[in-house]
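Okay, structure first, notes after.
The values are calculated or read from the model by the stated rules, or taken from the named source; none is laboratory data. Here the structure is a predicted model, which is why all the values come from computation and not from measurement. Note that we place each Cβ from the backbone using ideal geometry, even for glycine, and neighbour counts take in every protein chain shown. These accessible areas exclude ligands, DNA and RNA; they are computed on the full protein's heavy atoms, side chains included. Shrake-Rupley method; radii C 1.70, N 1.55, O 1.52, S 1.80 Å.
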Amino acid sequence: MLKITEKENMFVSAVIVSAGNSTRMGGINKQFLELDGAPVIVNTIAAFESSSIIDEIIIVTRESDIKDVTKIVEEYDFHKVSSIVKGGETRQLSVYEGVINTSNIADLVVIH
């Protein structure tokens, strides 16, 4: 297992996959539920935003949520988010959409 403790001139992209159908939540889109006064997705993005190892963040979400996620990124002033893209029919396809939207200089891609 690769353990990153120092950047060592690597460009690291993080893909946050939040394009699910909320089936287990009975249709409630958990990414927009409030946790400590902010939508859950804010806490997720903030964790990657504050990491010195992560250079860019790609968010994969449902097409119908792209506007809302874009507003959140702007409202919370997240600078590392480079793309917000539409997810696929399955988690695997959503991860693929995130990965193909990472920077072409990425040395490493992490999936949330």
Fill in: Among residues of segment 36-60, those that are without any contact (Cβ under 8 Å) to a residue 24 or more places away in the chain and over 22 Å from Met10 (Cβ atoms), counted
4
Practice prompt. Give the residues of segment 74-89 that are surrounded by 13 or more Cβ atoms within 10 Å (Cβ to Cβ) and over 22 Å from Ser52 (Cβ atoms), sorted by residue number.
Written response: Ile84, Val85, Lys86, Gly87, Gly88
Practice prompt. Starting from residues that are under 19 Å from Ile45 (Cα atoms) and of a type outside the set (A, V, I, L, M, F, W, C), keep the ones in segment 97-106 and report whichever is least open to solvent (accessible area, probe 1.4 Å).
Written response: Gly98
Discussion item. Restricting to segment 18-35, and then to whatever is within 24 Å of Ile53 (Cβ to Cβ) and open to solvent by 20 Å² or more (accessible area, probe 1.4 Å), can you tell me which residue is modelled with the lowest pLDDT?
Written reply: Leu35
Fill in: strands (runs of 3 or more DSSP E) wholly inside segment 29-112 that include at least 3 residues being touching a helix residue (DSSP H, G or I) at 6+ places or on another chain (Cβ under 7 Å)
56-61, 81-86
Response to the item:
(1) open to solvent by 70 Å² or more (accessible area, probe 1.4 Å); (2) closer than 16 Å to Val110 by Cα; (3) modelled with pLDDT under 85 all hold for Gln92 apart from (3)
Discussion item. Restricting to segment 73-90, name every residue that is within 12 Å of the chain's Cα centre (by Cα) and not charged (D, E, K, R).
Written reply: Val73, Phe78, Val81, Ser82, Ser83, Ile84, Val85, Gly87
